[in-house]
Structure formats: structure tokens, C-alpha cells
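Worksheet: one structure, shown below.
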Amino acid sequence: MKVIQTALPGVLVLEPKVFGDERGFFLESYNAKVFREATGLDVTFVQDNHSRSARHVLRGIHYQVVRPQGKLVRVVSGAVFDVAVDVRRSSPHFGQWVGYELSAENQRMMWVPSGFAHGFLVLSESADFLYKTTAYYAPQWDRGIRWDDPQIGVAWPLDGAPQLSAKDQVQPLLKDAEVYA
């Protein structure tokens, strides 16, 4: 597994070894030992999630303020622009973001540690998005920030307005959001 450091310490892009031939391909999407050796992280995943979304759907930018989740995310069909935002007020990187294209074609994954908010925009006709989490979903602690917060300034690759959930249409700006200390 190749590990690519990002501009935000702790957020990693991972490229698994892909073995392919005329029949197709094989890859290990997750192996605890390989993950630990490659990243130096010893995490336990407790929940796997799968979402399917249409083109221009933007999900996020979400986090859990209590019982924060680390997320290992990947795309198995289609393509997304995946974003992590540092929402730790004490961090020198508070409010900064990184974004990468994850797709079925490039097989890249992203590790989004706890303390970061996460969101993605679907670039293809549809996308199947998988993510492993280090804490269970707790709706009472679910929080978010506006996808278009000018303080953060995510450069979403949009050609029009995104499709947002009702919840994401009313998320607060970062300056007004409940975040980590």
C-alpha cells in the first residue's frame, strides 16, 4: 500500500496494490496489519457504510462532536471529489481543507481521522461510496458545516448547484458551529 501525505497532517490518501490482467483485477481493500504497517495507525473499525448517490449530490460536511469517527473511505463505482476539513479549534490547521478525487478507476482511498469533518461531491452519473468508521453513528452528536462556507473555501468542482439534503441546506457556518476544542 502506498501512503500519500496531504497538506493536513493526519489525513492520508492510500493507494492499494492492484493486481490486474485481462480478466479484471484483485485488491485488498482493507487488511489491519498492512494498514497499521503502512500508516502507523492502530485503529479498530466498528461500522461499515455504503451510500449510492447521483451526479451533483453533495453529502456533507459532517462530523460527530462526541464519539468522533475516523473514516476510511473509498469509491467502488463512479467518482467523487472527497473532502476533509480540520474542525479542531486548537489546531494550527483549523478550517483548512484537502480534497481528492476517489474513483473506481483510480482505486484510491482516504483516511479521515477523528477531529475532521468529511464530505463528498459525486462527479459521475452515480457513485457507490463505502466507508469504515471507528465509532458508531450517533445521531444526537451528528454535526455539520455549510458546504460553501467562505471561511473554508472548498473549491468544489461544480458546474451548477449541488443537490443537498434538507439537513445540509441549513448547516451553520464554521464560525457558528459546535466543533472540537
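Every read-out reported here was derived from the displayed coordinates using simple, explicitly stated rules and does not represent laboratory data. From a predicted model like this one, the values you see are computed outputs, not experimental measurements. Positions of Cβ are backbone-derived with ideal geometry, glycine not excepted, and every protein chain shown enters the neighbour counts.
Above 18 Å lies some portion of the pair distances; for the range 28-80, what is it as a whole percent of all C-alpha pairs?
Pairs farther apart than 18 Å: 47 percent.
Just to confirm a number: summing +1 for Lys and Arg and -1 for Asp and Glu over residues other than Q47 whose beta-carbon lies under 11 angstrom from that of Q47, what do you get?
Overall, the nearby charge balance is +1.
So how many Å³ per residue does the convex hull of the Cα atoms of the range 1-58 work out to?
Convex hull volume per residue, Cα atoms: 166 Å³.
List, largest first, the extents of the alpha carbons of the range 8-103 along their principal axes, each in whole Å.
Result, largest extent first: 50, 36, 23 Å.
Taking the alpha carbon gyration tensor of the range 125-181, what are the square roots of 5 times its eigenvalues, largest first, to the nearest whole Å?
21, 19, 11
Between the DSSP loop rule and a limit of at most 16 other Cβ atoms within 10 Å, which chymotrypsin sites (Phe, Trp or Tyr not before Pro) in the range 131-176 are left?
Taking the range 131-176 and a limit of 16 other Cβ atoms within 10 Å, the loop chymotrypsin sites (Phe, Trp or Tyr not before Pro) found are Y136, Y137.
By the scheme Lys and Arg +1, Asp and Glu -1, what is the net charge of all other residues having a beta-carbon under 13 Å from that of E15?
Here the charged neighbours net out to +1.
Choose one of Q169, N31, G99: the residue whose Cα lies farthest towards the positive end of the charge dipole of the chain (beta-carbon charges +1 Lys, Arg; -1 Asp, Glu; about the Cα centre).
With unit charges placed on the Cβ atoms, the residue in question is N31.
Quick one: putting +1 on the C-beta of Lys and Arg, -1 on the C-beta of Asp and Glu, what dipole do you get for the chain around its Cα centre, in Debye to the nearest 20?
440
Cα convex hull of the chain: how many Å³ per residue?
Each residue corresponds to 119 Å³ of Cα convex hull volume.
Could you list T133, T44 so that the one with the fewest beta carbons within 10 Å of its beta carbon is first and the one with the most is last?
T44, T133
How big is D, in µm² s⁻¹, for the range 95-165 by Stokes-Einstein at 37 °C and 0.692 mPa s if Rh is the Kirkwood radius over C-alpha pairs?
In µm²/s, the coefficient rounds to 228.
With a cap of 13 neighbouring Cβ atoms within 10 Å, and only residues DSSP puts in a loop, list the GluC sites (Glu not before Pro) found in the range 1-52.
E22, E28
Using only helices, what value at 222 nm comes out for the chain when you add -39,500 (n - 2.57) per DSSP H run of length 4 or more and divide by the total residues, to the nearest 500 deg cm²/dmol?
-1500 deg cm²/dmol
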